[in-house]
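**Student:** One structure coming up, written as structure tokens, with questions to follow.
Bear in mind these aren't lab numbers, they're just calculated from the coordinates by the rules spelled out. Since we're looking at a predicted model, the values are computed, not measured. When we count neighbours, we look across all protein chains shown, and the Cβ atoms used for this are built from the backbone with ideal geometry, even at glycine.
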Amino acid sequence: MKAIIQRVKNASVVVDGDTVGSVKKGLLLFLGIGRNDSRSDAEYLSNKVVQLRIFEDPHGKMNMSLKDINGELLVISQFTLYGDCSKGRRPSFTDAMLPHEAEELYNYFVDLLKNHCHNVQTGIFGAHMDVALINDGPVTFIIESK
């Protein structure tokens, strides 16, 4: 699994003109699921995301986690994180998990996060989504389970 996480002041996702998810202070997480990923990858990544100390303490140091600040989380599925652009001009997505399998693992990942965070919002798996955010910092990290 691959995740791009961005520390945000707020973020939202719109599908067909309707806002389907929005958060205030916390994280926007784009999640890509690879063809060889499993539940153990979801467990590793979910724990890492909620415990990663990337929020500032009162002294301006990154010492606080999403759990510490009681932050919110917006999770967006994004298979394009497994796009291989190394050959030609069109990305190859052969490393991405097939959609029907990926959706099950995506939902498992989101459920794990809901056990740790008070507000976990999502987009709609497989939909065309418009995502808006105000990146706080900017602070952006890439995390991989393998």
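**Student:** Scanning for something of a type in the set (S, T, N, Q), closer than 17 Å to LEU112 by Cβ, exposed (fewer than 14 other Cβ atoms within 10 Å of the Cβ) and more than 13 Å from the chain's Cα centre (by Cα), does region 13-23 turn up at least one residue?
**Tutor:** Within region 13-23 (the criterion being of a type in the set (S, T, N, Q), closer than 17 Å to LEU112 by Cβ, exposed (fewer than 14 other Cβ atoms within 10 Å of the Cβ) and more than 13 Å from the chain's Cα centre (by Cα)), the answer is no, since none of the residues qualifies.
**Student:** Condition (residue is in a loop (DSSP other than H, G, I, E, B) and crowded, with 22+ Cβ neighbours inside 10 Å) applied to region 58-66: is it met by at least one residue?
**Tutor:** yes
Every residue, every condition in (1) closer than 19 Å to GLY26 by Cα; (2) outside any loop (DSSP other than H, G, I, E, B); (3) under 16 Å from the mean Cα position of the chain (by Cα), yes or no:
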{"position": "ARG90", "(1), (2), (3)": "no, no, no"}
{"position": "HIS100", "(1), (2), (3)": "no, yes, no"}
{"position": "GLU104", "(1), (2), (3)": "no, yes, yes"}
{"position": "VAL110", "(1), (2), (3)": "yes, yes, yes"}
{"position": "LEU113", "(1), (2), (3)": "yes, yes, yes"}
{"position": "HIS116", "(1), (2), (3)": "yes, no, yes"}
{"position": "ALA127", "(1), (2), (3)": "no, no, yes"}
{"position": "VAL131", "(1), (2), (3)": "yes, yes, yes"}
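**Student:** Now, a different point. Given the criterion surrounded by 20 or more Cβ atoms within 10 Å (Cβ to Cβ) and outside any strand (DSSP E or B), identify the matching residue among LEU73, LEU45, LEU27. So that I can check it myself, show each step before the final result.
**Tutor:** Working: LEU73 fails: outside any strand (DSSP E or B); LEU27 fails: outside any strand (DSSP E or B).
The match here is LEU45.
**Student:** Right, another one. Of all the residues that make up region 76-94, how many are crowded, with 20+ Cβ neighbours inside 10 Å and of a type in the set (Asp, Glu)?
**Tutor:** Result for region 76-94: 0.
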